[in-house]
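Please read the structure below before turning to the comments.
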Amino acid sequence: LTAPSPTTAVPYTSVKCIDVRKNHHKTKWLMPWGPNNCEKLKDFDEAVSRQIEANDIVFAVHVPLPSKEMSPWFQFMLFIMQLDIAFKMDNDLKENAEITLDVSLAYRDDMFDDWEEIAHAVEIRKLKCTFGSPKTLESEGRHYDCDFLPFMEIGSVAHKYYLINIRLPVNERKGINVGIGEIKDIRLVGIHQNGGFTKVWFAMKTFLTPSILIIMVWYWRRITLMTRAPVLLEKVIFALGISMTFINIPVEWFSIGFDWTWMLLFGDIRQGIFYAMLLSFWIIFCGEHMMDQNERNRFSGYWKQVGPIAVGSFCLFIFDMCERGVQLKNPFYSIWTTEVGTELAMAFIIVAGICLCLYFLFLCFMVFQVFRNISGKQSSLPAMSKARRLHYEGLIFRFKFLMLITLACAAMTVIFFIVSQVTEGHWKWGDITIQVNSAFFTGIYGMWNLYVFALMFLYAPSHKNYGEDQSNGDLGVNSGEELQLTTTITHVDGPTEVYKLARKEAQE
């Protein structure tokens with residue numbers, strides 16, 4: 001209700017400046033407007049008539065637009081490039097043409113300061129363009145339809161003003177920037193996080209961190225009060241709580257005061273750890289409740305299931321390091337710009353995707369088995385006393401409810417991932433647009449916190465005693481033995497009543 005949309009896209013058109021440094025120009029940075037602006041060209045026909053070479057032209061873009069300034073609340077800047085290329089019979093666009101960009105990025109915090117360089121690189125981008133009309137004299141001057149090109153990504157917006165200078169160096173002998181058609185304009189789209197959304201996001205993290213911490217301390221204290229050692233399921237739930245707290249801790253507050261460009265990479269790693277932990281938890285949670293499982297309460301019994309999760313997570317981590325890790329040194333780098341890089345990136349994503357698909361198939365199979373087994377055991381409930389029967393019915397209902405909530409959460413997360421990928425890919429793939437509002441991001445994030453909170457609350461051991469009359473006619477639980485009205489029990493076999501019921505039946 002209060003946050004604006006998560007990101008804003010701002011279009012910029014570059015200004016063609018004449019690089020007259022040979023004529024004693026004061027600075028190497030060329031400003032498109034303002035008091036020290038550069039000498040401009042209207043178009044390349046003017047450059048030809050004035051005998052200005054392509055190597056003396058610089059495309060300059062100032063971020064943000066005039067009379068505005070950037071803010072650390074924007075968190076990151078992502079730039080996409082679009083080239084306006086006109087068709088000319090004598091200067092046609094070659095197939096698989098590559099454009100070489102000599103790019104520089106600078107910043108300043110005052111309109112009268114000198115520009116300080118952040119990065120400089122020579123990058124090559126593949127041009128993927130189509131031409132709708134037949135290539136005849138009548139079609140001259142019409143524009144190619146070109147794909148967006150990844151241009152730059154910065155993980156923090158610590159300064160008020162940024163300046164991008166782009167050169168297209170031409171060297172016919174080496175074949176640099178030859179056969180790329182007639183470039184009319186270079187346009188950029190700058191995408192950054194909205195400040196209002198950032199504030200709501202930070203507020204959520206700041207509020208949720210202590211709430212999860214408090215429930216974790218309470219949960220672990222309840223476990224340590226038990227006479228037995230904590231079982232595997234309890235340890236895994238606690239580990240899930242730790243990974244949730246790791247995501248929650250609002251270290252992003254520091255990004256307002258410090259120029260920490262690695263925050264995007266750090267955020268990805270935190271999210272990856274949480275999802276890997278969550279996927280592992282679901283496997284162990286189902287496995288510990290399966291009737292015919294002999295290897296119980298031992299992490300080594302789950303290596304076949306947890307293995308693919310680890311492999312998939314590692315692949316995505318390597319992929320992320322190849323992209324965002326390199327961008328810490330060179331913000332203009334993109335793994336998708338070379339053939340090898342694209343194949344490598346696709347290989348990592350495909351391997352991770354296959355692991356995820358296998359995981360979900362296996363999880364659905366396990367959930368089905370657990371439900372079938374528990375439904376089978378419900379047939380033994382009528383033989384119990386009323387109190388005991390109600391007790392077990394409550395436990396089984398809660399367990400099924402938790403499993404359904406788990407599947408709903410998983411489905412929501414998958415939808416969230418697909419939608420966010422499509423939104424991000426809008427600039428890479430073309431015309432697919434989905435408006436994702438802030439409520440979706442904050443909703444998914446809040447849902448996971450609530451889920452982890454509920455898990456620890458429901459699975460914390462209780463210390464309630466049953467009376468003599470309530471214990472008769474049950475599955476052999478001695479009178480006065482501590483039982484859990486939530487879902488856990490002080491028993492050597494394991495933490496849950498459902499688990500214990502399953503264990504007994506399996507042994508028989």
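The values are calculated or read from the model by the stated rules, or taken from the named source; none is laboratory data. Note that this is a predicted model, so its numbers are computed, not measured. Methodologically, a virtual Cβ is constructed for each residue, glycine included, from the backbone with ideal geometry; neighbour enumeration extends over all protein chains shown. Surface areas here come from the heavy atoms of the whole protein model, side chains and all, with no ligands, DNA or RNA. Shrake-Rupley method; radii C 1.70, N 1.55, O 1.52, S 1.80 Å.
A few notes on this one:
- Chain lengthening between Thr227 and Asn330 when straightened (0.36 nm per residue, less Cα-Cα): 31.5 nm
- Reducing segment 395-410 and segment 124-167 to their Cα centroids gives an inter-centroid distance of 50 Å.
- Carbon plus sulfur fraction of accessible area for segment 8-192, probe 1.4 Å, in percent: 48 percent
- The phi torsions of segment 207-216, fed into the Karplus equation with coefficients 6.51, -1.76 and 1.60 and a -60° offset, translate into couplings of 6, 6, 4, x, 5, 6, 4, 4, 5, 5 Hz, rounded to whole numbers, with Gly and Pro shown as x.
- Pairwise label distance in nanometres, Phe397 with Glu95, each label 7 Å out on the Cα-Cβ vector: 6.9 nm
- Within the full protein context, the accessible area of Phe131 is estimated at about 40 Å² for a probe radius of 1.4 Å.
- Candidate residues Thr224, Thr136: accessible-area rank, largest first, probe 1.4 Å: Thr224, Thr136
- Rounded accessible area per residue of segment 304-347, 1.4 Å, Å²: 53 Å²
- Tail fraction, Cα-Cα pairs, segment 127-213, threshold 17 Å, whole percent: 71 percent
- Its Cα gyration tensor gives segment 8-192 an equivalent ellipsoid; the semi-axes, largest first and in whole Å, are 29, 20, 14.
- Placing a pseudo-label 7 Å from each Cα along the Cα-to-Cβ vector at Val189 and Arg108 gives an inter-label distance of 3.1 nm.
- Using a simple spin-label model with pseudo-atoms 7 Å out from Cα toward Cβ, Ser133 and Val48 lie 1.7 nm apart.
- Whole-Hz ³J(HN,Hα) from phi, Karplus 6.51 cos²θ - 1.76 cosθ + 1.60, for segment 347-363, glycine and proline x: 4, 4, 5, 5, 4, 5, x, 5, 4, 5, 5, 4, 4, 5, 4, 5, 5
- Full extension of the chain segment joining Ile269 with Asp147 gains 40.9 nm, where the gain is 0.36 nm per residue of separation less the Cα-Cα distance.
- Taking all protein chains together, Arg372, Arg222, Arg187 sort by accessible area into Arg372, Arg187, Arg222, largest first [probe 1.4 Å].
- Karplus-derived 3J(HN,Hα) values for segment 156-170, using 6.51 cos²θ - 1.76 cosθ + 1.60 with θ = phi - 60°, are 8, 10, 8, 10, 7, 10, 10, 10, 10, 10, 10, 10, 10, x, 10 Hz; glycine and proline are entered as x.
- Portion, in percent, of the accessible area of segment 196-459 that falls on carbon or sulfur, probe 1.4 Å: 74 percent
- Rounded accessible area of Val236 (nearest 10 Å², 1.4 Å probe): 10 Å²
- The accessible-area ordering, largest first, of the residues Cys129, Cys364 stands as Cys364, Cys129, per a 1.4 angstrom probe.
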